[in-house]
Amino acid sequence: MAEKEFNVKIITPDRIFYDGTASMVEFNTTEGEIGVYPEHIPLTTILSPGVLTIHDDSGLKTAALHSGFAEIREDRVTFLAEIAEWPDEIDVRRAEQAEKRARERLTGHKIDVDTARAELALKRALARESASAKR
Ligand code: ATP
């Protein structure tokens, strides 16, 4: 028997990134990682850069998902994301350079560093590297 599924829609400013069904989705929020199954209690969460995993009939789909929010309802999850990338869209070298820059800013002990911004840049770079490794 087929597993229970729910609708998943991921919308970014420039495209409908994903519109399909899933038996489970995992992603990162400002409160930590979350796994959503069908009939989850209604919840709105703020996204934090990380890897999104969609479990469906055909297996796993992985992407990097960076910011925005997710609206969870019993029969669907809708993501309004600023940036989402499939593994084959990610330039790993660029992400590694962004990681290096962010780490240098965070460990450089300079006074004019925006630490929160550097931490977010580091999270985006690491999310891209992890998602890309799953291509
Ligand atoms: P960078 O410092 O390399 O620009 P960033 O984290 O500051 O990285 P973002 O502001 O998150 O970049 O993204 C800006 C645009 O560049 C988005 O469209 C995003 O998809 C794209 N982008 C950023 N990094 C990469 C990458 N490593 N591979 C592919 N596209 C990327």
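Positive end of the dipole of the chain (Cβ unit charges, origin at the Cα centre): among Y37, T62, A102, the Cα lying farthest that way belongs to A102. Taking P87, P38, P13 in turn, the Gaussian network model of the chain (Cα-Cα springs below 10 Å) assigns the largest fluctuation to P13. Over the chain, what is the relative contact order in whole percent, taking alpha-carbon pairs under 8 Å and six or more residues apart? Relative contact order for the chain comes out at 23 percent.
Length available on full extension from K100 to E3: 0.36 nm per residue minus the Cα-Cα distance, which gives 30.7 nm.
Applying both filters, DSSP loop and at most 14 other Cβ atoms within 10 Å, to the GluC sites (Glu not before Pro) of region 1-48 gives E3, E31, E39. Shape class of region 49-135 from the Cα gyration tensor (axes a ≥ b ≥ c, square roots of the eigenvalues): oblate, since a/c reaches 1.5 or more and a/b does not exceed b/c. Within the accessible surface of region 6-85, defined with a 1.4 Å probe on protein heavy atoms only, the carbon and sulfur portion equals 51 percent. Under the simplified labelling scheme, the I16-H109 pair shows an inter-label distance of 5.4 nm, with each label point 7 Å from Cα along Cα→Cβ. First check a/c for region 6-85, with a ≥ b ≥ c the square roots of the eigenvalues of its C-alpha gyration tensor; if it is under 1.5, answer rounded, and if not, answer prolate when a/b is larger than b/c or oblate otherwise. Rounded, because the longest to shortest axis ratio a/c is under 1.5. Per DSSP H run of n ≥ 4, the term is -39500 (n - 2.57); total these for the chain, divide by its residue number, and report the mean residue ellipticity at 222 nm rounded to 500 deg cm²/dmol. Mean residue ellipticity at 222 nm (helix-derived): -8500 deg cm²/dmol. Charge dipole of the chain (Cα centre as origin; +1 on each Lys and Arg Cβ, -1 on each Asp and Glu Cβ, all else neutral): 620 debye, rounded to the nearest 20. Could you tell me whether region 1-51 comes out rounded, prolate or oblate from its Cα gyration tensor? Rule is a ≥ b ≥ c as square roots of the eigenvalues, rounded for a/c under 1.5, then prolate if a/b exceeds b/c, otherwise oblate. It comes out oblate by the Cα gyration axes. What you get for region 6-85, charging only the Cβ of Lys and Arg (+1) and of Asp and Glu (-1), is a dipole of about 120 debye around the Cα centre.
At a probe radius of 1.4 angstrom, the accessible area of region 6-85 per residue rounds to 49 square angstrom.
This model, with +1 at the C-beta of Lys and Arg and -1 at the C-beta of Asp and Glu, gives region 91-133 a dipole about its Cα centre of some 60 debye.
The values are calculated or read from the model by the stated rules, or taken from the named source; none is laboratory data. Please read all numbers here as calculations on a predicted model, not as lab measurements. When we count neighbours, we look across all protein chains shown, and the Cβ atoms used for this are built from the backbone with ideal geometry, even at glycine. When the accessible area is computed, the model is the full protein with side chains, heavy atoms only, and any ligands, DNA or RNA have been set aside. Shrake-Rupley method; radii C 1.70, N 1.55, O 1.52, S 1.80 Å.
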